[in-house]
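What follows is a single structure, written as structure tokens, with notes after it.
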Amino acid sequence: MSQFAIYPSLRDKVVLITGGGSGIGASHVEQFCAQGAKVGFIDINRSASEELVARIAEAGYTKPMFFEADLRDIAAVKECISRFAAAIGDVDVLLNNAAHDERHRIEDVTVEYWDDRIAVNLRHLFFAAQAVIPGMIRKKKGVIINFGSLSWHIAMGGMPVYVTAKAGIEGLTRGLARDLGPHDIRVNCIIPGWIMTQRQLDLWVTPESEKEIEQNQCLKSKVYPDDVARMALWLAADDSRMCTNQTFVVDGGWI
Ligand SMILES: NC(=O)c1ccc[n+]([C@@H]2O[C@H](COP(=O)([O-])OP(=O)(O)OC[C@H]3O[C@@H](n4cnc5c(N)ncnc54)[C@H](O)[C@@H]3O)[C@@H](O)[C@H]2O)c1
């Protein structure tokens, strides 16, 4: 990491990350810890999360706090956020990162499945924000970063509820940015392209899709979780202090 920026304004910041146990979220956790931030993360995957905490401690950084919860359970999300704030302090930076990109066919979607996918991909972003906003107002400053997706921008099929949720996240970002701007709370959305997490490599990245990446990205290298996390660092730091109400795309130039 030494060739990349260190942001003095991130030192000691209280940073909460949803879905921090694996994938891009784990990269956020590692990168914010490496900046000297006080990090907490919520995830449903206990083993991956505990491994991550151990790895970070081994690297010599302050251990992040792991909260095990299902983000579809809003009462549990609020309880985790209260426990984190009670232990460390009001949250300065919220990364609404968690999602689940399970594929589904139009004809198989029931009302229950629709509600479940919206709960895992959209609903908790609003309620996590709602829970941290009073503390940010007290601190007269805050940053909320939501994670969208290139999928609906490129009219991707095979997961209509996921893309609906991801489109909604951009609307949520702009609505919150307007309401929270007077409190100096900045709200932005990062749109990751196709990011080479272990899950993507295991499930979806094939020799054919590698060709697709090469054809569609302007830059021909693959995009990795750390590339997305570094955008989140900049958006969380004072370096971006007048940026709000925007989307920032990290996709190698696909959309
Ligand atoms: N990887 C990509 O190519 C890609 C592309 C576009 C957008 N994104 C977005 O970036 C963000 C991170 O994606 P990722 O690829 O790292 O995802 P991932 O599926 O690899 O990881 C998501 C994390 O969230 C956790 N999680 C999932 N459901 C949960 C629940 N109900 N409660 C608590 N935790 C839960 C998982 O355990 C996991 O640690 C997501 O918002 C995703 O939509 C990713």
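Round to a whole number: what % of the accessible area of the chain belongs to carbon and sulfur, probe 1.4 Å? Walk me through the intermediate numbers first.
Working: 6410 of 12010 Å².
After summing per-atom areas, the C and S share lands at 53 percent.
Build a GNM of the chain with springs between Cα atoms under 10 Å apart, and of Ala165, Ala236, Ala87 the one that fluctuates most is Ala87. Springs join every pair of Cα atoms under 10 Å in this Gaussian network model of the chain, and among Ala229, Ala128, Ala75 the largest mean-square fluctuation is at Ala75.
Give me the 1.4 Å probe accessible area per residue for the chain, excluding ligands and nucleic acids, in Å².
On the way: 12010 Å² over 255 residues.
Here the residues of the chain average 47 Å² of exposed surface.
Over all directions, the average projected area of the alpha-carbon convex hull for segment 9-250 comes to how many nm²?
Values: hull surface 52.1 nm².
Computed as one quarter of the Cα hull surface, the answer is 13.0 nm².
How long is the gain from His183 to Gln246 if the chain were fully straight, where each residue apart is worth 0.36 nm and the alpha carbon distance is subtracted?
Numbers: separation 63, 0.36 × 63 = 22.68 nm, distance 1.71 nm.
Length gained, His183 through Gln246: 21.0 nm.
For Gly142, the amide hydrogen comes within under 5 Å of the amide hydrogens of Ile185, Arg186, counting only partners 5 or more places away or on other chains and with H modelled in the peptide plane. Here segment 90-133 and segment 153-178 have alpha carbon centers that stand 11 Å from each other. Across the chain, the mean sequence separation of Cα contacts (distance under 8 Å, 6 or more residues apart), normalised by length, yields a relative contact order of 19 percent. Once both labels are positioned 7 Å from their Cα atoms along Cα-to-Cβ, the gap between Arg83 and Lys141 label points is 2.9 nm. Inter-label distance, Asp73 to Glu50: 1.8 nm, where each label sits 7 Å from its Cα along the C-beta direction. Counting charges near Ile191 (Lys, Arg +1; Asp, Glu -1) among other residues having Cβ under 13 Å from its Cβ returns a value of -2.
A Cβ-based charge dipole, computed about the Cα centre of the chain with Lys and Arg at +1 and Asp and Glu at -1, lands at about 940 debye. With the whole protein complex present, Glu212 retains an accessible surface near 80 Å², based on a 1.4 Å probe. Take the Cβ atoms of Ser209 and Asp239, set R0 to 35 Å, and the FRET efficiency comes out at 0.50.
Work through the residues other than Met136 whose Cβ is under 11 Å from its Cβ and net out their charges, Lys, Arg +1 and Asp, Glu -1. Taking every Cβ under 11 Å from that of Met136, the sum is +2.
The separation of segment 199-253 from segment 1-53, counted between C-alpha centres, amounts to 17 Å.
The values are calculated or read from the model by the stated rules, or taken from the named source; none is laboratory data. Just so it is clear, the structure is predicted and the values come from calculations on it, not from any experiment. Every residue, glycine among them, receives a Cβ derived from its backbone with ideal geometry; neighbour counts consider all protein chains shown. Remember, those area values only see protein heavy atoms, side chains included, never the ligands or the DNA or RNA. Shrake-Rupley method; radii C 1.70, N 1.55, O 1.52, S 1.80 Å.
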